[in-house]
Amino acid sequence: MKPGQRLDPDVEKSRYDLHENDPEDSRYREFLNQLYSPLSDKLSPASFGLDFGSGPGPTLSVMFEEDGHTVNLYDPFYAPDRSVFNHTYDFITTTETAEHLFNPRKEFDLLWSCLKSGGFLGIMTKLAPKVEQFKDWHYRKDDTHVTFYSEKTFQWMADHYGADLEIMGERTVILTKH
């Protein structure tokens, strides 16, 4: 989305304030399980992670912490402490966040630089449909969604970063750093 079409930051945050992300909500946990389950199977005990774009009700981090991992949070509105980028991580998650990034290359370069060798970058975002279906695609009609990704995008990222790529379904991707 062009910069002039983006929402004002206060309006954008007011939209996110409406999200009902609750760690006690079993349906929300089930939704997050699309990334949690395949990623947790890859992690060593007591891994150190970052939940990038944790939102107003961090839940994925809680799920990993219940499993014995330690997770830092970053969100530009709800957990804006940029000192989290001074660490390196065994895993980084970004769930339903990538589509909100104004400068995804810059953000993913930053995340990649914070990932240890052998670490995992887990991404949840709805994969874009074919070009002819894009106009009517419900996901693009959310005016907080400014960037979209396809399998081809993630293959480019894997090639660019020299990473292994796993695409699991229509919204879950894991990149493994060499």
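Here are a few things to note about the model shown:
- Every residue from the range 128-178 that is more than 24 Å from residue 118 (Cα to Cα) and of a type in the set (Lys, Arg): 130, 135, 140, 141
- Residue list for the range 124-171, restricted to those being free of Cβ contacts under 8 Å to residues at least 60 places away in the same chain and aliphatic (A, V, I, L, M): 127, 128, 131, 157, 158, 163, 165, 167
- Of the residues contained in the range 42-56, one or more are found to be touching a residue at least 24 places away in the same chain (Cβ under 8 Å), out of contact with any Cys (no Cβ under 8 Å at 6 or more places or on another chain), among the polar types (S, T, N, Q) and closer than 20 Å to residue 104 by Cα.
- Residue ID - least open to solvent (accessible area, probe 1.4 Å), chosen from residues in the range 158-178 that are under 14 Å from residue 121 (Cβ atoms), touching a strand residue (DSSP E or B) at 6+ places or on another chain (Cβ under 9 Å) and not aliphatic (A, V, I, L, M): 172
- Restricting attention to the range 1-29, the residues that are surrounded by 11 or more Cβ atoms within 10 Å (Cβ to Cβ) and either assigned to a helix (DSSP H, G or I) or polar (S, T, N, Q) (or both) total 9.
The values are calculated or read from the model by the stated rules, or taken from the named source; none is laboratory data. Nothing here was measured: the structure is a model prediction, and the numbers come from that model. Here Cβ is always computed from backbone atoms with ideal geometry, including for glycine, and neighbour counts include all displayed protein chains. When the accessible area is computed, the model is the full protein with side chains, heavy atoms only, and any ligands, DNA or RNA have been set aside. Shrake-Rupley method; radii C 1.70, N 1.55, O 1.52, S 1.80 Å.
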